[in-house]
Amino acid sequence: MEIHRIRVDPELFRTAPMADRALFLGVGHVSNELNWLQRVMLFSFKGAIELDHIQAYEAGQAMAFGRIIAGKLHEANGLLRRSYFGTKLSIEYRDRLNPEARLGLDNFNNYFSSGNLVTRIRNHVAFHYNADRLVRDLEDTPPDKSWCLYLSKSNMNSFYSISETAAVASMIKNIDAEDIEGSMIRYLDEVGSCIRNFNDFSQGYMIAFCERYFPENWYKSSAEVINIHFAPLLQEISLPLFIGVDEEEKGQ
């Protein structure tokens, strides 16, 4: 795998107006977080929906990251509203963006311009702990093997399955209460599409920024090729469910 490292010249960067620099840093920061969180979510989730002691842990771990992503996407939309459209940079950059960036921005805006699944999960499940709702939603799930606690001397390896069963039930109820597997697949698809569209815009905008404020040969003159000799395939990576813990760390 070949990666290109592009140096950002401090003096040239500071020639850009404050609003431009703020958006440049902001969209890059959001893209980094979305990409990291999506990776960890996919590392956690192997597609097993049945709630036995392993699949329940996998699903709970993966969907916890999925709920965090909902909040990050909601904030990403807010960033664009304030720092791209609100500052009128949208007018300056519309014709400077490449086709992929324009399409990604249009798709992202269209998704968040009306009621959508990501915002619903963010508002009702992800960032607002409602214990009463968890009780009500748990009552709609059958008292199966997921109604249990997994306890370990290390708190990091404990898993309170019944609590996560309630949380996942709340998510499913906000998607399609009749189809658990379909709900998870739909949510993962919509989250993935939102991240892809934001990333297309983010990279396109950052390239347009560099073309606007840096010399004409900015890419060729500063690109440093970095060869990554070992990059495992996505399907080869999994986030461990349980980890070994030293004696002095068992209380964590």
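Of all residues assigned to the range 166-174, at least one qualifies as being closer than 19 Å to Ala70 by Cα, modelled with pLDDT of 85 or more and touching a Gly at 6+ places or on another chain (Cβ under 9 Å). Please go through the range 82-117 and pick out each residue that is surrounded by fewer than 17 Cβ atoms within 10 Å (Cβ to Cβ), in contact with an Asp or Glu (Cβ under 8 Å, 6 or more places away or on another chain) and within 18 Å of Cys210 (Cα to Cα). Scanning the range 82-117 gives Arg96, Glu100. When Glu216, Glu247, Glu236, Glu211 are screened for being charged (D, E, K, R), modelled with pLDDT under 75 and surrounded by fewer than 19 Cβ atoms within 10 Å (Cβ to Cβ), only Glu247 passes. In summary, helices (runs of 4 or more DSSP H) completely within the range 19-126 and bearing 1 or more residues that are at pLDDT 95 or above, closer than 30 Å to Leu241 by Cβ and of a type in the set (D, E, K, R) occur at 55-80. Contact annotation: residue pairs with Cβ atoms under 7 Å, 6 or more positions apart or on different chains, pairing a residue in the range 189-214 that is in contact (Cβ under 8 Å) with a residue 24 or more places away in the chain and farther than 21 Å from Gly66 by Cα with a partner that is of a type in the set (Asp, Glu) and assigned to a helix (DSSP H, G or I), are Gly204/Glu100; Phe209/Asp20. Within the range 161-174, the set of residues being under 24 Å from the mean Cα position of the chain (by Cα) and not small (Gly, Ala, Ser) comprises Glu164, Thr165, Val168, Met171, Ile172, Lys173, Asn174.
Checked against the criterion of being over 18 Å from Thr119 (Cβ atoms), touching a helix residue (DSSP H, G or I) at 6+ places or on another chain (Cβ under 6 Å) and touching a residue at least 40 places away in the same chain (Cβ under 8 Å), the candidates Asn107, Asn98 yield just one match: Asn98. Filtered by the rule that a residue be polar (S, T, N, Q) and either touching a Cys at 6+ places or on another chain (Cβ under 7 Å) or at positive phi (or both), the range 61-78 gives no residues. I'm checking my understanding of the structure. Among residues of the range 118-133 that are crowded, with 19+ Cβ neighbours inside 10 Å and not small (Gly, Ala, Ser), which one is farthest from the chain's Cα centre (by Cα)? Within the range 118-133, the match that is farthest from the chain's Cα centre (by Cα) is Val125. Take the range 1-21 and flag every residue that is closer than 16 Å to Cys210 by Cβ and not charged (D, E, K, R). His4, Ile6, Val8, Pro10, Leu12, Phe13, Thr15, Ala16, Pro17 - these are the residues of the range 1-21 that are closer than 16 Å to Cys210 by Cβ and not charged (D, E, K, R). Screening Glu190 against (1) at pLDDT below 85; (2) surrounded by 12 or more Cβ atoms within 10 Å (Cβ to Cβ); (3) not aromatic (Phe, Trp, Tyr) leaves a single unmet condition, (1).
When the residues of the range 127-142 are filtered to those that are among the acidic types (Asp, Glu) and assigned to a loop (DSSP other than H, G, I, E, B), the one that is modelled with the highest pLDDT is Glu139.
The values are calculated or read from the model by the stated rules, or taken from the named source; none is laboratory data. Keep in mind the model is a prediction, meaning the values are calculated, not measured. Quick reminder, even Gly has a Cβ in these numbers, built from the backbone with ideal geometry, and neighbours come from all protein chains shown.
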